[in-house]
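Encoded as structure tokens, the structure appears first; notes follow it.
The values are calculated or read from the model by the stated rules, or taken from the named source; none is laboratory data. This one's a predicted model, so the numbers in the text were calculated from it and none came from an experiment. Positions of Cβ are backbone-derived with ideal geometry, glycine not excepted, and every protein chain shown enters the neighbour counts.
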Amino acid sequence: MGVTISPSILNCDIANLASEIKKIRNADYAHVDVMDNHFVPNLSWGLPVVEAVIRENILPVDAHLMIEDADRYAPAYAEVGCASVTFHAEAAIAPIRLAREIRAQGAKVGMALRPATDITPYIDLLSELDMLLVMTVEPGFGGQAFLESMMGKVRRARKAISAANLQVALQVDGGINRETITKAAEAGADVFVAGSAVYKADDAFNEVEQLRQIANHHLNH
């Protein structure tokens, strides 16, 4: 599996949504963070904004649901046309059933782990997923510093995926920039969410290219 770049639009100018997404048209996905002010202490946007991004038809949508009651609400994001829907393990009562419901709607399914959540209880669930997201910050706010302490979890996740001979992508989200993407790629991540690093760059398009080149160079090295 190659490198996937999924810039978060959390830091973009939402009033100019189409033009902001066009800035990252060379990315693989537009990463949309959905926050409910309950699961995380922040409120972002929900289904209407996700649908707006989908309607622009510039990039497929990678939805990251930082919401309570994922079992109830997550399938709707697949229904409206997200290419990938990621729910949090901590917010799902029946993660296998939820994963299958999302996939039945035609979307890829991801499961996210907060920094304090151990991967071990979820290793046997990996075959139900298309992607595992290891959070490299506490979810809820953009612009946070990368938690290098999570690289051990990324390595354990990559080892478990390889041991089971699975084609499961391994995403990292939080504090990803040119420096930290190197560490994450070396640890085994292959899907990278970068928000501030891309949208605060002088040229978002070029920043996506730079991140992709750096990650490609360090993945599996």
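Of note:
- Residue ID - nearest to THR86 (Cα to Cα), chosen from residues in segment 2-22 that are within 17 Å of the chain's Cα centre (by Cα) and assigned to a loop (DSSP other than H, G, I, E, B): SER6
- In segment 189-210, residue modelled with the lowest pLDDT [restricted to those that are under 26 Å from ILE119 (Cβ atoms) and touching a strand residue (DSSP E or B) at 6+ places or on another chain (Cβ under 6 Å)]: GLY195
- Of residues in segment 81-108 being in a loop (DSSP other than H, G, I, E, B) and crowded, with 17+ Cβ neighbours inside 10 Å, the one farthest from the chain's Cα centre (by Cα): GLN105
- Any hit, segment 114-125, residues being in contact with a strand residue (DSSP E or B) (Cβ under 9 Å, 6 or more places away or on another chain), under 21 Å from VAL49 (Cβ atoms) and either at pLDDT below 95 or not aromatic (Phe, Trp, Tyr) (or both): no
- Scanning segment 61-75 for residues that are surrounded by fewer than 17 Cβ atoms within 10 Å (Cβ to Cβ) and either in a helix (DSSP H, G or I) or in contact with a Pro (Cβ under 8 Å, 6 or more places away or on another chain) (or both) yields ASP71, ARG72.
- Selection count where residues are surrounded by 15 or more Cβ atoms within 10 Å (Cβ to Cβ), free of Cβ contacts under 8 Å to residues at least 60 places away in the same chain and not acidic (Asp, Glu), scope segment 24-38: 4
- Test: residue in segment 82-95 that is polar (S, T, N, Q), closer than 20 Å to MET131 by Cβ and in contact with an Asp or Glu (Cβ under 7 Å, 6 or more places away or on another chain): yes
- Given (1) under 27 Å from VAL154 (Cα atoms); (2) over 15 Å from the mean Cα position of the chain (by Cα); (3) modelled with pLDDT of 95 or more; (4) not aromatic (Phe, Trp, Tyr), number of the condition VAL40 does not satisfy: (3)
- Selection count, segment 5-19, where residues are touching an Asp or Glu at 6+ places or on another chain (Cβ under 8 Å) and buried (at least 21 other Cβ atoms within 10 Å of the Cβ): 5
- Condition check for ILE58: surrounded by fewer than 20 Cβ atoms within 10 Å (Cβ to Cβ) and part of a loop (DSSP other than H, G, I, E, B): yes
- From the options ALA83, ALA63, ALA107, residue that is out of contact with any Leu (no Cβ under 8 Å at 6 or more places or on another chain) and in contact (Cβ under 8 Å) with a residue 40 or more places away in the chain: ALA83
- In segment 23-37, the residue that is modelled with the lowest pLDDT out of those that are of a type outside the set (Lys, Arg) and assigned to a loop (DSSP other than H, G, I, E, B) is ASN37.
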